[in-house]
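First the structure, in the form of structure tokens, and then the observations on it.
The values are calculated or read from the model by the stated rules, or taken from the named source; none is laboratory data. This is a predicted model, so every value here is computed, not measured. Accessible surface areas use protein heavy atoms only, side chains included; no ligands, DNA or RNA. Shrake-Rupley method; radii C 1.70, N 1.55, O 1.52, S 1.80 Å.
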Amino acid sequence: MSHDSTAAPEIAARKLAGRRRKEIVAVLLFSGGPIFESSIPLSVFGVDRQDAGVPRYRLLVSAGEGGPLRTTGGLELTAPHGLEAIARAGTVVVPAWRSITSPPPDDALEALRRAHEEGARIVGLCTGAFVLAAAGLLDGRPATTHWMYAPTLAKRYPSVHVDPRELFVDDGDVLTSAGTAAGIDLCLHIVRTDHGNEAAGALARRLVVPPRRTGGQERYLDRSLPEEIGADPLAEVVAWALEHLHEQFDVETLAARAYMSRRTFDRRFRSLTGSAPLQWLITQRVLQAQRLLETSDYSVDEVAGRCGFRSPVALRGHFRRQLGSSPAAYRAAYRARRPQAERNQGADGIPNTPGAVPSGPAHQHGHPGQAGPASAAPHPDNSVPHQSRRAAAASTLGGPSLTASADLGREAYVPTRASVPGQRSAP
């Protein structure tokens, strides 16, 4: 899901510098960027659709570095503006970054910092979040990116509260989205924030997309493996682990199944997933525990057993470290936010169908059904506006261990900032 945030008073009070205009959107492009993500803000903010009731933005396409910009597929682009154009924008969008392992140009990072200092809204789509993080704009903030790169983002920038289950995160003056199509969700959210539901709905009709999508990345995160692992021998081992989370096994067991020494297995696993195998395994068990706490009436002891923890004490310890809350408190907070009447109804007021796989997280943070007795239960999240806060649990994502960010306790978040991570869209 996504978070729409109700900006904190200090953020709401931010004023644009005199030379900046709210209606101007600058899109910062780099060589090597994916064409799809790059085209999203160009289509949303660069096409005049006033005839359909969509207020017009003024688009400035800016090159973040010199030379012709080559996109995926070998296309060459020439941006009509350079970094100087960012100085006039009220919103700056970074659609994507070419490599999560290489640093963005210093000049572009400085331009983003200056734009933010002068009151501009900064947006990162997909791997664009890495550029915002490199500029220091995500420090201490909730953020998301493509689930596949979330562990790397969290590991490289431990002060960023990464939640890979969200479609987008609106933190007031800094916004981030998950991969590919989630960029459309965030851009529609921006239009909705600026001009209301009617304008966003009109634009969505033109784009032939839902005005608001329910659900989040967790349906993909459940099998949270980078694409490149698909053809790797470790893929079978990881798939086995995900199917047997209810059993008690350790990393040595996985290494043996891969016919590798523990040391070799650790190295190969980390190179492919960006996470240590033990942390990944704990993360998956906690994520499964969250699902059961949200969708079943099992006791905490039973949940621990069904998630492969050796004891309820082990579950409570890992759960608290990752989510900042005990399992019992997490369940109570989750249920308090979701009255039964709301749980039986989707985001669009349509009753959920029993037995259907849930499409979204609670408060847009629920988890999709996965293996387990409760996986068929209707998911309660789709009906709640995405305006809950998760800042409290966000700190648990900040460590180098972070594949754990995947399970970040959404509902465990407490309003410590006025912004909200995730796909929370204001109703």
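Going by accessible surface with a 1.4 Å probe and the largest first, Asp297, Asp194, Asp173 read Asp297, Asp194, Asp173. Remark: accessible surface ordering of Tyr330, Tyr298 (largest first) is Tyr298, Tyr330, probe radius 1.4 Å.
Estimated at the nearest 10 Å², the accessible area of Ile100 is 30 Å² with a 1.4 Å probe. Take Ser31: with every protein chain present and a 1.4 Å probe, its accessible area is about 30 Å².
Summed over the residues of segment 64-178 and divided among them, the accessible surface reaches 32 Å² per residue at a probe radius of 1.4 Å.
Shown are Glu65, Glu76, Glu294, whose ranking by accessible area with a 1.4 Å probe and every protein chain present, most to least, is Glu76, Glu65, Glu294.
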